[in-house]
Amino acid sequence: MKRRDFIKLIGASITLLPITPSTFAQTTSSSKWRSYRLSYQVTLPPTGKHARLWLPLPDTNDTPYQFTQGSVWNGNAKSAKFYTLPQTDFPAFYAEWNGDGERLVTVSSIVKTAQRQIDLQHYNAPAKAIIPDNIKHFLQSTQQVPLDGIVHQTASAITKESKNSSPLQKARLIYNWVIDNATHDQSVRGRGKGDIKQMLANGNLKGKCADINALFVGLARASGIPARQQFGIRMDESALNKNLGKFGDISTAQHCRAEFYLAGPGWVPVDPAGVCEVIALDNLPRNHEQITALREKLFGTWEMNWVAFNHGENITLGQNSKAGKVPFFLYPHAEIDGKQLDSLDPQTFSYKIVSAALIGTGAKL
């Protein structure tokens, strides 16, 4: 179900659009859903004459593990709107101000999540797997994820002993190779750049989630397995490891995850970057029993203390943005008189992203 039933709040005037109950919410036990309010609190610098703001919002495509109940905004923007990014169905918020002075806006979304897990132990690969037409473009090369040269060579080396293996077996080989060879680097700004060709060419497989999970995606695609990253943010503490979650002030809790496609179950969740993160931050060897358990857990599972925004690559923000295409849309983006603010510096920007847990199904925005 496509959800475009945004709730809009402008100043003191409230306009409510009808919200149709989610199909998945109706068929999934209410005890499995957790409700959150995700809020952006933005105060742009008063300099310059023309300011613009773009915010990524929770995905509005209902799934068995996430659905969005609506979004609201308030503030003193000259104009603002909820819209979808050009040539996509990814939700976003846009606001602009003319003249100098105070520039304030708050945007809140209500989102529900349920644990996501695919049973791979009983998966039987079909004799002839057919990739649907709407999935085939996840086999293509992109600017950040090229599939030729060293990417193709590396993928072939990883899977050379399993040429007749199933896509699931190849994906597992790639997943394990990434964990065994990549390193989470806490000094990297933001979530990384995702330039896997440079990483492989330099032999430097250090980075954060946008680097490490992009590496999995590129190697999977080069092996003939559709794959993609999902960009989002952690909203709550993790039951798996203290490093894999955050609650309250989540201004720097952005995190991307990965998926690969299998005929039958469809998209399969994985997060090799999460395993690498725990290895680095807990200073554990890769063969530690905790890492072995986490490695197994995060192949086929997403802990849904996290919400997905979009899976876009080389995104055009639209609304006359001066940025051109951005590699991915994960952070707030702002421009004052055409000059971009530093999205990776919330205090200077300035913005704050806050999560709150909600109780009951009648959550209010």
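The values are calculated or read from the model by the stated rules, or taken from the named source; none is laboratory data. For clarity, every value in this text was computed on a predicted model and none was experimentally measured. Here the Cβ positions follow ideal geometry from the backbone for every residue, glycine too, while neighbour counts run over all protein chains shown. Just the protein is used for accessible areas: all its heavy atoms, side chains included, with ligands, DNA and RNA removed. Shrake-Rupley method; radii C 1.70, N 1.55, O 1.52, S 1.80 Å.
Going by the conditions given, is L317 over 25 Å from N243 (Cβ atoms) and crowded, with 19+ Cβ neighbours inside 10 Å? So L317 passes the test.
So in region 95-144, with the set limited to residues that are in a loop (DSSP other than H, G, I, E, B), aliphatic (A, V, I, L, M) and touching a helix residue (DSSP H, G or I) at 6+ places or on another chain (Cβ under 8 Å), which one is least open to solvent (accessible area, probe 1.4 Å)? Ranking the qualifying residues of region 95-144, first place goes to A114. On inspection, V268 qualifies as touching a Leu at 6+ places or on another chain (Cβ under 9 Å) and closer than 21 Å to A308 by Cβ.
Can you name every residue in region 30-68 that is under 21 Å from E237 (Cα atoms) and either touching a His at 6+ places or on another chain (Cβ under 8 Å) or among the β-branched types (V, I, T) (or both)? Matches in region 30-68: T68 only. For region 223-241, the criterion of being open to solvent by 20 Å² or more (accessible area, probe 1.4 Å) and part of a helix (DSSP H, G or I) is met by no residue. Checking L284 against (1) assigned to a loop (DSSP other than H, G, I, E, B); (2) free of Cβ contacts under 8 Å to residues at least 24 places away in the same chain; (3) open to solvent by 40 Å² or more (accessible area, probe 1.4 Å), which test does it fail? With respect to (1) assigned to a loop (DSSP other than H, G, I, E, B); (2) free of Cβ contacts under 8 Å to residues at least 24 places away in the same chain; (3) open to solvent by 40 Å² or more (accessible area, probe 1.4 Å), L284 is out only on (3).
Within the group K246, K197, which residue is over 26 Å from A356 (Cβ atoms) and open to solvent by 70 Å² or more (accessible area, probe 1.4 Å)? Give the derivation first.
Values: K246 fails: over 26 Å from A356 (Cβ atoms).
Of the residues listed, the single one that is over 26 Å from A356 (Cβ atoms) and open to solvent by 70 Å² or more (accessible area, probe 1.4 Å) is K197.
Look at (1) assigned to a loop (DSSP other than H, G, I, E, B); (2) open to solvent by less than 10 Å² (accessible area, probe 1.4 Å) and you find that R189 fails only one, number (2). If Q153 meets every condition in (1) crowded, with 17+ Cβ neighbours inside 10 Å; (2) in a helix (DSSP H, G or I); (3) of a type outside the set (G, A, S) apart from one, which number is that one? Every condition holds for Q153 apart from (1).
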